[in-house]
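Q: Below you will find the structure I want to go over with you.
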Amino acid sequence: MRTTCVGLLIFLLCAACNEQHDHKGRTPLVELNGNFLYREDLQSVLPVGLSKDDSLLFAEHYVRNWVEDILLYDKAQSNIPNNGEIDKLVENYRKALIMHTYQQALIHQQLSEEISEQDLTEYYEKNQALFKVERPLMKGLFIKVPLRAPQLADVRRWYKAETREAVEHLEKYSLQNAVKYDYFYDKWVPVSEVLDMLPLQVSDVNDYLNKNRQVELQDTAFHYFLNVSDYRPIGEQEPYEFARRQVKDMLLNVKQVEFMKQMKEDLYQRAVKRNKIKYYLE
C-alpha cells in the first residue's frame, strides 16, 4: 500500500510538471481542481527527526488531509449559493487584522516597555483593590535534615533566629548535613510550595502556619524546620514585590490604550481639518 502511494506521488509529480502552469519555482506534488500542493509546503510542516518510514507515513496523511479539505471546500462552496455574508465577514476580519498588526507595530516603535519604578508604585498605591492575595503567601526559611544529623540543638536555635549570623550558620551547616535548605526571607512564595515539603497533617494548614511561625516536625527519616517571618492570607493586600510583574503589565496596557485613543483622536481631527469627512444628512 505504501509503495503504491509513493508511486502515485511520483506519477502526480511528473504529470503536474508536464502541464503549463507557473509554479514560481516550486515543485508540485498533487493537483486537485486547479489547486496545487507543493513539495515545499510538505517540507515546511514535516517534523524534524522522523525516520524514513515515519516521514513517509506523515506525508501520506498530510496529502490525504489536503485532498479531503479541497473536496469538502468545493462541495460546501457549491451548496452555499450566496457567499455575500461570508465575504463580508472575511473582509471585516481582514480589516481588523490589518489594524491590529499596525497598532502593535506602532506601539512597539513609539511606546517603550520601560516604566519607572515610581510610576509602578504610584499605580499600585492608587489601585490597591486590584491586588489582593488569591492564595496565601509567606516569607521564611526551611531546612530538612536526617533524624541523626549532628548539632540538632544548634539547628533549633538557628532556624528561629533571623539574624545574619544565624543564617550563615545554617547555610554552612546545610552544605554537609541538610537534605533541603531554602532561604526565602527576601521574597514572597506561595504557601502551597512550602507545604509540599512538610509532612504537616492539620485540617487548616494555612491557619496553622499563620498562627505557628516556628514549626518543627519529624517523620520516620527526617527533621523539618520552618520559620515563617511573614504571612499574607487570602484577601489581604498583595505585597508590591510579589504583584510588581502584574502591576507593570496592567500599567503598560493602560498606556497602550491611552496611546491608541490619542492616535485615533489625532487622525480624526486631522481628517476634519482637511474636510475629508462628508456627512449626508436627511
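Q: So what is the relative contact order for the range 132-237, in percent, with contacts set as C-alpha pairs under 8 Å and at least six apart? Display every interim value, and only then the final one.
A: Numbers: 167 pairs, mean separation 51.9, N = 106.
Relative contact order, the range 132-237: 49 percent.
Q: Would you work out which of Q237, P199, L251 lies farthest towards the positive end of the dipole of the range 180-265? Charges go on Cβ: Lys and Arg +1, Asp and Glu -1.
A: L251
Q: Using a simple charge model, +1 on the beta-carbon of Lys and Arg, -1 on the beta-carbon of Asp and Glu, nothing else, what dipole does the chain show about its Cα centre, in debye to the nearest 20?
A: Dipole magnitude for the chain comes out near 440 debye.
Q: What value, in deg cm²/dmol to 500, does the helix sum -39500 (n - 2.57) over DSSP H runs of n ≥ 4 give at 222 nm once divided by the residues of the chain?
A: It lands at -18500 deg cm²/dmol.
Q: Another question, then. On a 0 to 90° scale, report how tilted helix 240-273 is relative to the longest principal axis of the chain, with both axes built from alpha carbons and the result rounded to the nearest 10.
A: Rounded to the nearest ten degrees, it is 40.
Q: Quick one: Karplus J couplings for the range 106-115, per residue in order, coefficients 6.51, -1.76, 1.60, θ = phi - 60°, nearest Hz, x for Gly and Pro?
A: 5, 4, 5, 6, 9, 10, 6, 7, 7, 10
Q: Let me ask you something else. List the residues whose amide H sits under 5 Å from the amide H of N212, counting only those 5 or more places along or on another chain, with H placed 1.01 Å from N in the peptide plane.
A: Placed amide hydrogens put nothing under 5 Å from N212.
Q: If amide hydrogens are placed 1.01 Å from N in the peptide plane, which non-local residues have theirs closer than 5 Å to the one on F222?
A: Amide H neighbours of F222, under 5 Å, 5+ apart: L147.
Q: Using Cα atoms only, what is the angle between the long axis of helix 52-79 and the major principal axis of the chain, expressed in degrees (0 to 90) to the nearest 10?
A: Relative to the chain, helix 52-79 is tipped by roughly 60 degrees.
Q: Could you pull out the GluC sites (Glu not before Pro) across the range 108-210 that fall in loop regions by DSSP (anything but H, G, I, E, B) with no more than 16 other Cβ atoms inside 10 Å? Intermediate results must be reported in sequence, preceding the final value.
A: On the way: sites: E113, E114, E117, E122, E125, E134, E162, E165, E168, E171, E193; in loops: E113, E114, E134, E162.
Loop-located and lightly packed - E113, E114, E134, E162.
Q: How would E85, E91, E60 rank on accessible area, largest to smallest, probe 1.4 Å? Mind showing how you got there, number by number?
A: On the way: E85 115, E91 75, E60 40 Å².
Largest accessible area first, the residues go E85, E91, E60.
Q: What do you get for the angle between helix 2-18 and the principal long axis of the chain? Use alpha-carbon atoms, 0 to 90 degrees, nearest ten.
A: Here the helix axis deviates by roughly 50 degrees.
Q: Using the structure shown, list the pairs from K160/K211; K126/K264; K75/K95; K255/K278; K160/K248 with a Cα-Cα distance above 24 Å, or answer none. Spell out each step's value before the answer.
A: Values: K160/K211 15 Å; K126/K264 27 Å; K75/K95 28 Å; K255/K278 32 Å; K160/K248 35 Å.
From K160/K211; K126/K264; K75/K95; K255/K278; K160/K248, over 24 Å: K126/K264; K75/K95; K255/K278; K160/K248.
Q: In what order, largest first, do L29, L267 sit by accessible area if the probe radius is 1.4 Å?
A: L267, L29
Q: Now, a different point. Taking a ≥ b ≥ c as the square roots of the Cα gyration tensor eigenvalues, with a/c under 1.5 meaning rounded and otherwise prolate when a/b beats b/c, else oblate, which class fits the range 92-145?
A: Here the range 92-145 falls in the prolate category.
Q: In whole Hz, with x marking every Gly and Pro, tabulate ³J(HN,Hα) for the range 170-180 from phi via Karplus 6.51 cos²θ - 1.76 cosθ + 1.60, θ = phi - 60°.
A: Karplus-based 3J(HN,Hα) across the range 170-180 equals 5, 4, 5, 5, 5, 4, 10, 10, 7, 7, 8 Hz.
Q: Further, regarding this structure: Could you tell me which trypsin sites (Lys or Arg not before Pro) in the range 144-238 are loop residues by DSSP with no more than 12 other beta carbons within 10 angstrom of their beta carbon?
A: Of the trypsin sites (Lys or Arg not before Pro), the ones in loops of the range 144-238 whose Cβ has at most 12 other Cβ atoms within 10 Å are R148.
Q: Then there's this: 5 Å is the cut-off here: which amide hydrogens, built 1.01 Å from N in the peptide plane, fall below it relative to L137, excluding neighbours closer than 5 in sequence?
A: Residues meeting the criterion, in which the H sits 1.01 Å from N, are V191, R232.
Q: Here's a follow-up. Which of the three applies to the range 155-282, rounded, prolate or oblate, going by the alpha-carbon gyration tensor with a ≥ b ≥ c and a/c under 1.5 meaning rounded?
A: Prolate.
Q: Given that just one value was derived from the coordinates, which of (1) 35; (2) 59; (3) 21 is percent of Cα pairs over 36 Å apart?
A: Recomputing percent of Cα pairs over 36 Å apart here gives the entry labelled (2).
The values are calculated or read from the model by the stated rules, or taken from the named source; none is laboratory data. Everything numeric here is computed off the predicted structure, so don't read it as measured data. Glycine gets a Cβ as well: all are built from the backbone with ideal geometry, and neighbour counts include every protein chain shown. Side chains included, ligands, DNA and RNA excluded: accessible areas come from the protein's heavy atoms. Shrake-Rupley method; radii C 1.70, N 1.55, O 1.52, S 1.80 Å.
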